[in-house]
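Comments concern the structure below.
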Amino acid sequence: MIKALFLDIDGTLVSFETHRVGEPTRNALAEARRRGLLLFIATGRHRCDLNNLGDLAFDGYVTLNGQYCYDARGVIYRRSIDPNDIRTAVGLIEREPFPCLFIEEDRMYINCADDNFRAAQRLLNFGDPPVESPSRALRTDIFQLMPFIGPEREPWLMERLPRCRSTRWNPYFMDVVPEGGSKSVGIDAICRSFGIAPDETMAFGDGQNDIEMLRHAGIGVAMGNAAEEVQAAADYVTASVDEDGVGRALRHFGLI
C-alpha cells in the first residue's frame, strides 16, 4: 500500500513554460493529502530555491539530490563532499576557469558566469547568486557542486574527483555529489524518520538524477516529458508536466 509520494520539482511538478505548479496538479495533491498520503519533495534544488511551489504543503524535503533532508522538526540527514575533492575542484577551477556553483547548507555562490550559466538561470527562473572566490569552499562544508560544463568535459572532471559522483539532467550543467549519494538515499532517510518502508512509496521524476529513485521506490513514475532512459527506469510512464501527469498517474493507481 502506497503511503508517501516523493516528487521532483522541475519538469515534474513545475512546468518549464509557466514556472509554476498547474492547477490540476495542485488539486490532485490536495486530494492525495485528504486521503492520508504523505507528500515529500525530492529535488536537486537547494532549500533556498524552493520558490515555485506556491502555498502547497509538504511533509518533508529531500534536497540537493539527497544530500540534505529535513522536515518541520529539523534536519533529518546531511552529507557534504569530501574536503579533498573540494580542494581538487577549487584547484582545477583556478587553473582552468569555468563557472561552478558552490552549494553550502544555507547559501550558494558562483565563481563567474558565462552564457551556459545565464541560459540555465532563465530556464529555471532563478535569480543570480553572489559571485565569490572558489577558495571560500576550502573553509566551509559543500553539499553539492554545479559545474557549468558540457557532457564532453564531464569525464575529465569526474576522474579527478574520486570521492564524488555526477548526474546530469540539463546540457548546461551537471550536479556533483558525494560518492554513493542520490535521491534514493534521501528517500531512505525520510522513510526511516517517518516509519515508512521504501516499497510503500511512489516517486515521480523526469531527469537523469531521478533514475535511481524511480527504481528504488515502490512505484516509479516517469513524466511523459522525460528522456527515454528515465522512462525505461520507471514502472509507469504518465503524461507530461503540462498535461497533469502527476494527477493522471495518481488516478491510474487509484490513489485519488
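The values are calculated or read from the model by the stated rules, or taken from the named source; none is laboratory data. Quantities reported herein were computed from a predicted structural model and do not represent experimental measurements. A quick note on method: Cβ atoms are made from the backbone with ideal geometry, for glycine too, and the neighbour counts reach across all protein chains shown. Surface areas here come from the heavy atoms of the whole protein model, side chains and all, with no ligands, DNA or RNA. Shrake-Rupley method; radii C 1.70, N 1.55, O 1.52, S 1.80 Å.
Of all residues in segment 26-43, none are more than 16 Å from the chain's Cα centre (by Cα) and β-branched (V, I, T). What's the total number of residues in segment 238-254 that are without any contact (Cβ under 8 Å) to a residue 60 or more places away in the chain, open to solvent by less than 60 Å² (accessible area, probe 1.4 Å) and out of contact with any Ser or Thr (no Cβ under 8 Å at 6 or more places or on another chain)? Summing the residues that are without any contact (Cβ under 8 Å) to a residue 60 or more places away in the chain, open to solvent by less than 60 Å² (accessible area, probe 1.4 Å) and out of contact with any Ser or Thr (no Cβ under 8 Å at 6 or more places or on another chain) in segment 238-254 gives 4.
Within segment 113-124, the only residue that satisfies the criterion of being in contact with a strand residue (DSSP E or B) (Cβ under 9 Å, 6 or more places away or on another chain) and outside any helix (DSSP H, G or I) is A113. A32 meets each of the listed conditions (1) open to solvent by less than 40 Å² (accessible area, probe 1.4 Å); (2) under 17 Å from D210 (Cβ atoms) apart from (2). State yes or no: is M213 out of contact with any Gly (no Cβ under 7 Å at 6 or more places or on another chain) and open to solvent by less than 10 Å² (accessible area, probe 1.4 Å)? Judged against the criteria, M213 is not a match.
Would you confirm, using the coordinates I've provided, whether F16 is open to solvent by less than 40 Å² (accessible area, probe 1.4 Å) and of a type in the set (F, W, Y)? First the steps, then the outcome.
On the way: open to solvent by less than 40 Å² (accessible area, probe 1.4 Å): no; of a type in the set (F, W, Y): yes.
No; evaluated as a whole, the condition is false for this residue.
Considering each residue of segment 225-236 in turn, none proves to be within 23 Å of L123 (Cβ to Cβ), in contact with a strand residue (DSSP E or B) (Cβ under 9 Å, 6 or more places away or on another chain) and part of a strand (DSSP E or B).
The residue that is nearest to I41 (Cα to Cα), counting only those in segment 195-224 that are among the aliphatic types (A, V, I, L, M) and in a strand (DSSP E or B), is A203.
Restricted to segment 101-113, and to residues that are in contact (Cβ under 8 Å) with a residue 40 or more places away in the chain and open to solvent by less than 40 Å² (accessible area, probe 1.4 Å), which residue is farthest from F194 (Cα to Cα)?
Taking segment 101-113 as the starting set, the residues that turn out to be in contact (Cβ under 8 Å) with a residue 40 or more places away in the chain are 101-103, 106-108.
With open to solvent by less than 40 Å² (accessible area, probe 1.4 Å) added as a condition, the list becomes 101-103, 108.
Details: L101: 32, F102: 30, I103: 27, M108: 29 Å.
Among those residues, the one meeting the criterion is L101.
I'd like the full set of residues that are under 21 Å from V62 (Cβ atoms), open to solvent by 20 Å² or more (accessible area, probe 1.4 Å) and either assigned to a loop (DSSP other than H, G, I, E, B) or of a type in the set (K, R) (or both), limited to segment 126-162. Let's see the steps before the verdict.
The initial filter retains those residues of segment 126-162 that are under 21 Å from V62 (Cβ atoms), namely 126, 141-146.
Narrowing further to those that are open to solvent by 20 Å² or more (accessible area, probe 1.4 Å): 126, 141, 146.
Correct list: F126, D141.
With respect to C48, is the statement that it is at pLDDT below 95, open to solvent by 50 Å² or more (accessible area, probe 1.4 Å) and closer than 24 Å to P134 by Cβ true? So C48 passes the test.
Considering the conditions (1) open to solvent by 60 Å² or more (accessible area, probe 1.4 Å); (2) among the basic types (K, R); (3) at pLDDT 95 or above; (4) out of contact with any Pro (no Cβ under 7 Å at 6 or more places or on another chain), K183 is excluded by exactly one of them, (1).
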